[in-house]
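Note sheet for the following structure.
The values are calculated or read from the model by the stated rules, or taken from the named source; none is laboratory data. Here the structure is a predicted model, which is why all the values come from computation and not from measurement. Every residue, glycine among them, receives a Cβ derived from its backbone with ideal geometry; neighbour counts consider all protein chains shown. Please note that ligands, DNA and RNA were not included when accessible areas were found on the heavy atoms of the full protein model with its side chains. Shrake-Rupley method; radii C 1.70, N 1.55, O 1.52, S 1.80 Å.
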Amino acid sequence: MRQPLVAGNWKMHGSRAENAALVRSLLDQLQPGPGTEVLLCPPFVYLSDVARLLTDSAVALGGQSVCDEPQGAFTGEVSAAMLKDVGCSYVLVGHSERRQLYGEGDALVARKFVAVQSQGLVPVLCVGETLEEREAGHTTEVVARQLDAVLAVSGAAALASAVIAYEPVWAIGTGRTASPEQAQDVHAMIRDKVAALDATIGGSVRILYGGSVKASNARELFAMPDIDGGLVGGASLKADEFAQICAAAD
Ligand code: 13P
């Protein structure tokens, strides 16, 4: 059995006051049930604050990105060791906004994945196609290429301590969710691809869906056999909605 995981990616939102209110309200409402793991990924500058707010809770903390280098003259960057130091256990790598807006290519994403694992943190590897790629029938090819870049550097065994998030770019922040069947098709493809390399890891790796997940659609998405939870953007900024999404994963 794969433990469901619901991750909130706050992106570049929030303030100290808003974060405190959000986390307090969320902790009040979370009924994590026996199964679901919950993860919050605030902006870097708030990680320590949020870590304090999460003290004694079961909610995990993650970074939204990371530098591929361990330390040194990389102005503006944050290392995996620093993320670990402030209490992170997960780090998003290869989010489509990093790929599209900041030019992160497959090779850099693969190096970030390695950097995260080198500190004993769990990378959440984000993959997904654009609308243009989907309409051209290239979804499988694009997602496979993004996975292959990491597999080439890390090997399949590395996926034993990683999470994969399928986030179709056309569904992010657009209100246009992939249908449960569309998402399931890609999740199954991802799992089959990993299973072809290592059947055990293929069966155990958690694959999250991201892209306009809301309280109103979470349950049917999470009911699909290869969807193990969600990576939630906008809806993770509302405590009651996010708590409902977490409950839907149980
Ligand atoms: P939305 O849930 O706002 O569509 O964002 C998805 C996402 O990018 C999470 O990482």
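Might you check whether a residue that is open to solvent by 10 Å² or more (accessible area, probe 1.4 Å), away from the ligand (no atom under 16 Å from the Cβ) and within 18 Å of the chain's Cα centre (by Cα) occurs anywhere in the stretch 163-180? No, the conditions are met nowhere in the stretch 163-180. You will find that of Asp148, Asp85, the residue that is farther than 24 Å from Tyr209 by Cβ and surrounded by fewer than 18 Cβ atoms within 10 Å (Cβ to Cβ) is Asp85 and no other.
For Thr177, the conditions (1) assigned to a helix (DSSP H, G or I); (2) of a type in the set (S, T, N, Q); (3) more than 21 Å from Val93 (Cα to Cα) are fulfilled apart from (1).
Quick test of your reading of the structure: Asp228 fulfils all but one of (1) over 25 Å from Phe113 (Cβ atoms); (2) of a type in the set (Asp, Glu); (3) within 16 Å of the ligand (Cβ to nearest atom); (4) touching a residue at least 60 places away in the same chain (Cβ under 8 Å). Name the failing condition by number. Here Asp228 meets the rest and fails (1). If you go through the stretch 76-118 and keep only what is under 17 Å from Tyr46 (Cβ atoms) and acidic (Asp, Glu), you end up with just Asp85. Gly234 meets all of the listed conditions (1) surrounded by fewer than 21 Cβ atoms within 10 Å (Cβ to Cβ); (2) touching a Gly at 6+ places or on another chain (Cβ under 8 Å); (3) farther than 21 Å from Pro42 by Cα but one, namely (3). Please determine, by comparing only the residues of the stretch 120-145 that are part of a helix (DSSP H, G or I) and of a type in the set (A, V, I, L, M, F, W, C), which one is surrounded by the fewest Cβ atoms within 10 Å (Cβ to Cβ). Per the stated criteria, the residue is Leu131. Filter the stretch 231-248 for residues that are among the small types (Gly, Ala, Ser) and within 8 Å of the ligand (Cβ to nearest atom) and give the result. If the condition is that a residue be among the small types (Gly, Ala, Ser) and within 8 Å of the ligand (Cβ to nearest atom), then Gly233, Gly234, Ala235, Ser236 are the ones that fit. Between Ser48, Ser15, Ser25, the distinction of being open to solvent by 20 Å² or more (accessible area, probe 1.4 Å), in contact (Cβ under 8 Å) with a residue 40 or more places away in the chain, over 19 Å from Val213 (Cα atoms) and hydroxyl-bearing (Ser, Thr, Tyr) belongs to Ser25 only.
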